[in-house]
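Peer 1: Dumping the structure here so I can ask a few things about it.
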Amino acid sequence: SAMLAGCRRALPAALSRALRPRAAGPGRRAVSTSWCPVGAAFDAKQQQQPPPRGSAAGRETGLFGVPELSCPEGFQEAQDKALQESERLVQKACSTPPGPETVMIFDQLSDALCRVADLADFVKIAHPDFAFREAAEEACRNIGTVVEKLNTDVELCQSLRRLLADEVVMSSLDPETRRVAELFMFDFEISGIHLDEEKRKKAVNLNVRILDLCNEFLTGAHLPNKIDKNVLPEHIRYNFTAEGNYLQVAGLHADCPDDLVREAAYKIFLYPNAEQLSRLEELLASRNSLAQLVGYDTFAHRALQGTMAKTPGIRHVWKDTLRNQMHCVRTQKDFEMMAKMKMKLNPQNSKLMPWDHPYYSGALRAERYNIDPGLYCPFFSLGACMEGLNSLFSQLLGISLYAEQTQRGEVWSEDVRKLAVVHETEGLLGYIYCDFFQRPDKPHQDCHFTVRGGRLRENGEYQLPVVVLMLSLPHSTRGAPTLLSPGMMENLFHEMGHAMHSMLGRTRYQHVTGTRCPTDFAEVPSILMEYFANDYRVVNQFARHYKTGQPLPKNMVSRLCESKKVCAAADMQLQVFYAALDQIYHGKHPLKKSTTEILKETQEKFYGLPYVPNTAWQLRFSHLVGYGAKYYSYLMSRAVASMVWKQCFAQDPFDRAMGERYRREMLAHGGGKEPILMVQGMLQKSPSVEDFVDALVSDLDQDFETFIMDS
């Protein structure tokens, strides 16, 4: 939306200085007595002792240090303040002559709403107290309604249009300010600001309905299905939750070694639900209606504006990937290997089915490379992994992570840790709240939330960014710290890539701060961190057995990295299928067939394993909400990250000069620069479609030295 957003270029010297944190002053510190080493904070007992009352840290505050949020009712107060501030700023924007101040006022308006909406967006799903979650949900809904009205406020839009029409003023603006002004106008236009009053009202109503449908679809995507327990063989019933005479099936049980359990879970969990089917159909139709109402051929055309892909022609990239002979051969071999393993373990039923792919690909990896997670976990204590990240960022970017004592009421759970992100010469850059551990009712998902975006304030101070990283790690035990599996370690590096983007996307405007950039670029920094997590030179700096201090042997790291290439072509084929399905659903309407018929047709064309009758996987495809018409972003970002890694970091993952180039060309701009220009700046060339395809396919190449060594 225009108000809820969610680059440092060659700037005047005074502004460049303002965008760098100072060593002292309000909200800025270079040194703090409350900071402690990051590793110790995570390998120590997880229950953080509350600070003594009367001390600076012992003073009561609210969530994230926001005084109003010491209780659920505070959301109403914070919301009211934000709405009052937004009314004042709207009036100011409408009465200000065209100039750079216009853009600044729009960004202040965006910030006033985002400071509450972004925070509430996290609290509504993660806070353990239902009253807080409910209050946050209500705040999100109320601010969202105001935003939709602002997006169709003609007078407000006119104030921006006057600026964009003034060629003299526009030519005097720096590139970032011009881009932000254009982004605000673009957001107005996709909301239908150019329509007559009746159509604008229709656009607002469609937006509100789409928001409701998205929430309903997300809820439905995760609801379990029930089945009479007598339908299933008695010997597999214990795998599912009993509820009277029924069994609840809440997922696909993809890791279960019993073929029958996986088959039953697949067929029951994916059995079509009429209400959910109706929601999806209405959601897709409403998105298409909105897109056409505001002047686009399809929702995909609307969604891809401003991205690296630009248009729905992105499908050609995946078609070219599939046409790549090497990829086709590898995919076929992957499915053949999985089928052979299934035949070996289950001779009576050797046909490979969709519920077999995750299990047998994992079994092949474990068999070929002996990668039992239990062998690796002792080397990956959480504290050691955090020290590894700290060491990497220090060498690459001159950045250190410190644990900071929180105030009473500042965090929502006693095991949340607060990290200060500090540059060796620039001082404090921002804060990361680490909500890493499992707890009842906490979503089992790894993600990054922007709580407050960075921006240059009117008084010349820089508003420090604040983010949350949420993981689902096990707690420490009496005899051992929290130990991570290789997958958990890689996820930690991935999410920390997002956090560094937020810390270093140090833009003048919060509308384009950090990860507030096109979706197909936003995943690049996080996926790039996965390459660091799989490099022995990086892992060797921190992976130590928590009891003996023994380093993780190089051949174990090599086996782990190579194991990920087993069945990787089939895994990529699955992602291509998801991306293609998403594009078709958001393409030309009315759809020629039902969503289930399209699923069947697309699966058979793009995947390779057969569609299972009476299933509707699309009704569990929750990414259709947040990544509608943009699911391709994962593959696009992986291709870019692969190119950046191979060209810039594979030779030396600690190369400081390359780290500074990475910050300067890719991280510093947030969304304040065209994403493809950032990629070109980093790679020193403009990548072609063939480059994208080659980057994805070349990642599948086996390291024959490792293969021979372990043979």
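The values are calculated or read from the model by the stated rules, or taken from the named source; none is laboratory data. Only a predicted model underlies this, so the values are computations on that prediction, with no experimental measurement involved. Backbone-built Cβ (ideal geometry, glycine too); neighbour counts: all protein chains shown. Heads up: the accessible areas ignore ligands, DNA and RNA and are worked out on the full protein's heavy atoms, side chains in. Shrake-Rupley method; radii C 1.70, N 1.55, O 1.52, S 1.80 Å.
Peer 1: Could you tell me the relative contact order of segment 122-248? Use alpha-carbon pairs under 8 Å, at least six residues apart, and round to a whole percent. Each step should come with its number before you reach the end.
Peer 2: Values: 70 pairs, mean separation 21.8, N = 127.
After rounding, I find 17 percent.
Peer 1: Next question. Report the calculated FRET efficiency for residue 623 and residue 174 (r = Cβ-Cβ distance, R0 = 41 Å), to the nearest 0.05.
Peer 2: Values: r = 36 Å, r/R0 = 0.88.
FRET efficiency, residue 623 to residue 174: 0.70.
Peer 1: For every other residue with a beta carbon closer than 10 angstrom to the beta carbon of residue 245, add +1 if it is Lys or Arg and -1 if Asp or Glu, then tell me the sum. Don't skip to the answer; put the middle values down first.
Peer 2: Details: positive: 226, 229; negative: 228, 243.
Net local charge, residue 245 excluded: 0.
Peer 1: Explain nothing, just compute: Karplus ³J(HN,Hα) = 6.51 cos²θ - 1.76 cosθ + 1.60, θ = phi - 60°, for every residue of segment 692-698 in order, whole Hz, x for Gly and Pro.
Peer 2: For segment 692-698, the Karplus-derived couplings read 4, 5, 4, 4, 5, 6, 5 Hz, x marking Gly and Pro.
Peer 1: Related question: Please get the size of the charge dipole for segment 494-594, origin at its Cα centre, with Cβ charges of +1 on Lys and Arg and -1 on Asp and Glu, quoted in debye to the nearest 20.
Peer 2: Working: 13 positive and 8 negative charges, 15 e Å.
Dipole magnitude for segment 494-594 comes out near 80 debye.
Peer 1: Relative contact order for segment 63-194: what percent, with Cα pairs under 8 Å and sequence separation of 6 or more?
Peer 2: Values: 118 pairs, mean separation 35.5, N = 132.
Reported relative contact order: 27 percent.
Peer 1: Another question, if that's okay. What distance in nm separates the simple spin-label points at residue 297 and residue 394, each placed 7 Å from Cα in the Cβ direction?
Peer 2: Spacing of the two 7 Å Cα→Cβ label points: 5.4 nm.
Peer 1: Same structure again: For n ≥ 4 DSSP H runs only, could you compute -39500 (n - 2.57) per run for the chain, divide by its residues and tell me the 222 nm figure to the nearest 500?
Peer 2: Details: 30 runs with 367 residues, N = 711.
Estimated from H runs of four or more residues: -16000 deg cm²/dmol.
Peer 1: Which one, 180, 132, 95, is farthest towards the positive end of the dipole of segment 63-194 when Lys and Arg carry +1 and Asp and Glu -1 on their Cβ?
Peer 2: It is 95, whose Cα lies furthest towards the positive end.
Peer 1: When ligands, DNA and RNA are left out and all protein chains stay put, how many square angstrom of accessible area per residue does the chain have with a 1.4 Å probe?
Peer 2: For the chain, the per-residue accessible area is 42 Å².
Peer 1: Tell me the relative contact order for segment 388-471 as a rounded percent, counting alpha carbon contacts under 8 Å between residues six or more apart.
Peer 2: Working: 141 pairs, mean separation 19.2, N = 84.
The value is 23 percent.
Peer 1: Something else now. Could you tell me what percent of the accessible area of the chain is made up of carbon and sulfur, with a 1.4 Å probe and every protein chain present? Each step should come with its number before you reach the end.
Peer 2: Numbers: 15420 of 29690 Å².
Here it works out to 52 percent.
Peer 1: Sticking with this structure for a sec: Between segment 478-492 and segment 79-112, how many Å separate their Cα centres?
Peer 2: 45 Å
Peer 1: Of the listed values (i) 52, 36, 20; (ii) 52, 29, 25; (iii) 39, 32, 27, identify the label whose number matches semi-axes √(5λ) of the Cα gyration tensor in Å calculated from this model.
Peer 2: (iii)
Peer 1: Within segment 369-409, whose backbone N sits under 20 Å from a point 7 Å along Cα→Cβ of residue 60?
Peer 2: Only 406-409 pass the distance filter.
Peer 1: Now for a separate question. Between segment 164-215 and segment 590-607, what's the alpha-carbon centroid distance in Å?
Peer 2: So the two Cα centres are separated by 33 Å.
Peer 1: Sorted by packing (mean other beta-carbon atoms within 10 Å per residue), highest first, where do 267-274, 161-168 land? Kindly include the intermediate steps, with their values, before the conclusion.
Peer 2: On the way: 267-274: 16.4, 161-168: 14.1.
Highest to lowest by the protection proxy: 267-274, 161-168.
Peer 1: Just order 197-203, 574-580, 330-336 by mean Cβ neighbour count inside 10 Å, highest at the front, would you? If you can, show how the numbers build up before the last one.
Peer 2: Working: 197-203: 14.4, 574-580: 22.0, 330-336: 18.3.
Taking the mean over residues of other Cβ atoms within 10 Å, the ranking is 574-580, 330-336, 197-203.
Peer 1: Next up: Rank 623, 235, 586, 444 by accessible area, highest first, at a 1.4 Å probe radius? The partial results should precede the final answer.
Peer 2: Values: 623 65, 235 120, 586 5, 444 155 Å².
I get 444, 235, 623, 586, largest accessible area first.
Peer 1: Right, something else. Report, in debye and to the nearest 20, how large the dipole of the chain comes out about its Cα centre when Lys and Arg carry +1 and Asp and Glu carry -1 on their Cβ.
Peer 2: 740 debye
Peer 1: Going highest first, how would you order 396-402, 593-599 by mean Cβ packing within 10 Å? Could the numbers behind the result be given before it?
Peer 2: On the way: 396-402: 20.0, 593-599: 16.1.
My ranking of the peptides, most packed first, is 396-402, 593-599.
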